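The values are calculated or read from the model by the stated rules, or taken from the named source; none is laboratory data. On a predicted model such as this, the values are computed, not experimentally measured, just so you know. Here Cβ is always computed from backbone atoms with ideal geometry, including for glycine, and neighbour counts include all displayed protein chains. Heavy atoms of the whole protein, side chains included, go into the accessibility calculation; ligands, DNA and RNA do not. Shrake-Rupley method; radii C 1.70, N 1.55, O 1.52, S 1.80 Å.
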Amino acid sequence: MADKKKSLSDLGAVLNPVPEVPAETAVTETVATEKTIAADAPSTDAAVAEAEEPAAPVNIQPEAPLREQQLDKYGRAYATGRRKDAVARVWLKPGSGKITVNGRDQIVYFARPTLRLVINQPFGITERAGQYDIIATVKGGGLSGQAGAVLHGIAQALTRYEPVLRTTVKRAGFLTRDSRAVERKKYGKAKARKSFQFSKR
């Protein structure tokens, strides 16, 4: 009676018999499978190289197109500078570093050393000190505003003579017209914001 009892696995083997594969064919299929797995798997050298190199996003910013040199018929670069109420016309040409303002030397016209320091700033950041002569005519405003206008004009003229320097001068903020000015007086006020002295009676 015990021999006649069969388990469920025996029943499955009876219903779906598995065909026997010859030993040589089984070995060949095993070798082919191993070769396929080895071909699909990345090589250890490539895996190590990928692990060493971090996959960081590369931000490539296109460089600004280089502008053309703008010169007049005498080989000079011209620009207009403005600050407060002052307007300066500036001509720049290669020379020894002489700066003439309204027909006078910079030491005479801008007697304060701080003002001379202001107008020479573009040459300092571009390392062009003593390489260009400046002729400027300026009108309007006071000495401080006029120095700012000459600074603005020199920076503009320098970038027109050497367009390569534009990025350096622009990052320093010298190409931007400084729009700060005195606030106007309001009626009912002593100045722009100051009130008259309060009297209770």
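If G145 satisfies every condition in (1) under 30 Å from E183 (Cα atoms); (2) crowded, with 22+ Cβ neighbours inside 10 Å; (3) not aromatic (F, W, Y) but one, which is the exception? Unmet for G145, out of (1) under 30 Å from E183 (Cα atoms); (2) crowded, with 22+ Cβ neighbours inside 10 Å; (3) not aromatic (F, W, Y): (2).
Within segment 112-121, the residues that satisfy the criterion of being surrounded by 14 or more Cβ atoms within 10 Å (Cβ to Cβ) and either among the hydrophobic types (A, V, I, L, M, F, W, C) or touching a Ser or Thr at 6+ places or on another chain (Cβ under 9 Å) (or both) are L115, V118, I119. Residues that are under 22 Å from K170 (Cβ atoms) and out of contact with any strand residue (DSSP E or B) (no Cβ under 9 Å at 6 or more places or on another chain) number at least 3 in the following helices (runs of 4 or more DSSP H) confined to segment 64-159: 121-126. Taking (1) part of a helix (DSSP H, G or I); (2) open to solvent by 80 Å² or more (accessible area, probe 1.4 Å); (3) free of Cβ contacts under 8 Å to residues at least 60 places away in the same chain in turn, L165 satisfies each apart from (2).
Which condition does A136 not pass, out of (1) surrounded by 13 or more Cβ atoms within 10 Å (Cβ to Cβ); (2) touching a residue at least 12 places away in the same chain (Cβ under 8 Å); (3) touching a Leu at 6+ places or on another chain (Cβ under 9 Å), if it passes all the others? Among (1) surrounded by 13 or more Cβ atoms within 10 Å (Cβ to Cβ); (2) touching a residue at least 12 places away in the same chain (Cβ under 8 Å); (3) touching a Leu at 6+ places or on another chain (Cβ under 9 Å), A136 violates only (3). Among the residues of segment 128-136, some residue qualifies, meaning at least one is within 26 Å of the chain's Cα centre (by Cα), among the aliphatic types (A, V, I, L, M) and at pLDDT below 95. Within segment 171-194, the presence of at least one residue that is surrounded by 14 or more Cβ atoms within 10 Å (Cβ to Cβ) and touching a residue at least 60 places away in the same chain (Cβ under 8 Å) is confirmed.
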